[in-house]
Each structure stands twice: as C-alpha cells, then as structure tokens.
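A quick write-up on the structure given underneath.
Rule-based calculations on the coordinates, nothing more; no lab input. Treat the numbers as computed from the prediction; the structure is a model and nothing was measured. Don't worry about glycine lacking a Cβ; one is built from the backbone with ideal geometry, like all the others, and counts go over all protein chains shown.
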Amino acid sequence: MAKILGLGGVFIKCKDTKAYQDWWKTHMGVTISEYGSMDWPSDGKAFTLVSPFKHDSEYFDPSKERFMINLRVDDVPAMLEKARKGGAEIIGEALDEGYGVFGWFLDPEGVKIELWQDKS
C-alpha cells in the first residue's frame with residue numbers, strides 16, 4: 001500500500017541564498033552540501049534536509065507560498081492518485097530522474113507538495 005515514509009526536505013525561497021547558507025554555516029555549524037542544501041544524513045531513523053531557493057524561483061509554482069514540502073514515499077503514482085481523490089490539484093506528470101521519481105500537487109491550503117521515491 002502506498003504510504004509516506006518521512007520528510008524529505010523543506011525548500012525555502014530566499015532573497016539571497018548564499019547569505020542564507022552562510023548564516024546557517026557560520027552561526028549554526030551546518031555543513032552545506034555540494035547542491036547547496038543543509039543535509040542531515042540518516043541516523044538509521046530518518047533523512048532530512050533544508051534547501052534554499054532563489055526568491056524568484058518558479059519551482060514552487062503554481063503555489064504562491066515561499067516554501068515547499070518534499071515527502072519521501074514508496075510509490076509516487078499511487079500517492080498522486082490518493083491526493084487527486086482527496087481533491088488535490090495534481091501538478092504536471094510524475095518524472096523519473098533516474099535516481100528517483102518525483103510528483104507534485106497542491107494541498108488544500110495551496111502549498112506545493114513534492115513527492116520523492118528514492119530509487120537507490
């Protein structure tokens with residue numbers, strides 16, 4: 001049965017992504033990955049990251065929110081169907097990037113939700 005496995009990450013629009021990354025690195029001791037995200041590797045229980053996006057990024061569209069939530073799932077197509085049946089607006093088609101499958105929808109509050117099925 002299709003289910004959510006956990007939080008994949010939170011994505012935040014920022015006026016200055018470099019300054020945002022630098023603040024977290026300098027003041028909070030966070031390591032910035034090669035992709036510009038702040039990752040916390042699995043401790044055997046979960047994987048979490050926070051990643052800044054440029055303030056004018058269109059990746060969160062059509063949502064008007066400054067953030068997007070990424071959820072790890074075990075079956076993107078089935079989860080998109082669950083969301084659709086619940087009245088969510090599905091955004092585009094599921095996309096297989098080789099390392100993972102992605103799908104998107106707007107939740108009832110208009111927040112863009114990105115589903116990620118890890119293929120590793």
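Partners of LYS82 within straight-line reach, counting lysines whose Cα lies under 19 Å from its Cα and excluding those fewer than 8 residues away in the same chain: LYS3, LYS112.
Between helix 17-28 and the chain there is an angle of about 70 degrees, using the helix long axis and the longest principal axis of the Cα atoms. Helical runs (DSSP H, four residues minimum) scored at -39500 (n - 2.57) apiece and divided by the length of the chain put the mean residue ellipticity at 222 nm at -5500 deg cm²/dmol. Taking amide H positions as modeled 1.01 Å from N, with prolines and chain starts lacking one, the residues under 5 Å from GLY100 and 5 or more places away or on another chain are LYS119. Once the Cα atoms of helix 76-85 and of the chain are each reduced to a long axis, what angle between those two axes, in degrees from 0 to 90 to the nearest 10, is obtained? Its long axis makes an angle of about 70 degrees. Per residue, the average separation of C-alpha pairs within less than 8 Å and at least 6 apart gives the chain a relative contact order of 28 percent. DSSP beta bridges fully contained in the chain are about 70 percent antiparallel.
The residues neighbouring ASP16, those whose beta-carbon lies less than 15 Å from its own, together hold a net charge of +4 under the Lys/Arg +1, Asp/Glu -1 convention. Shape call for the chain from the C-alpha gyration tensor, a ≥ b ≥ c root eigenvalues: rounded (a/c under 1.5), prolate (a/b greater than b/c) or oblate? Since a/c reaches 1.5 but b/c is at least a/b, the shape of the chain is classed as oblate.
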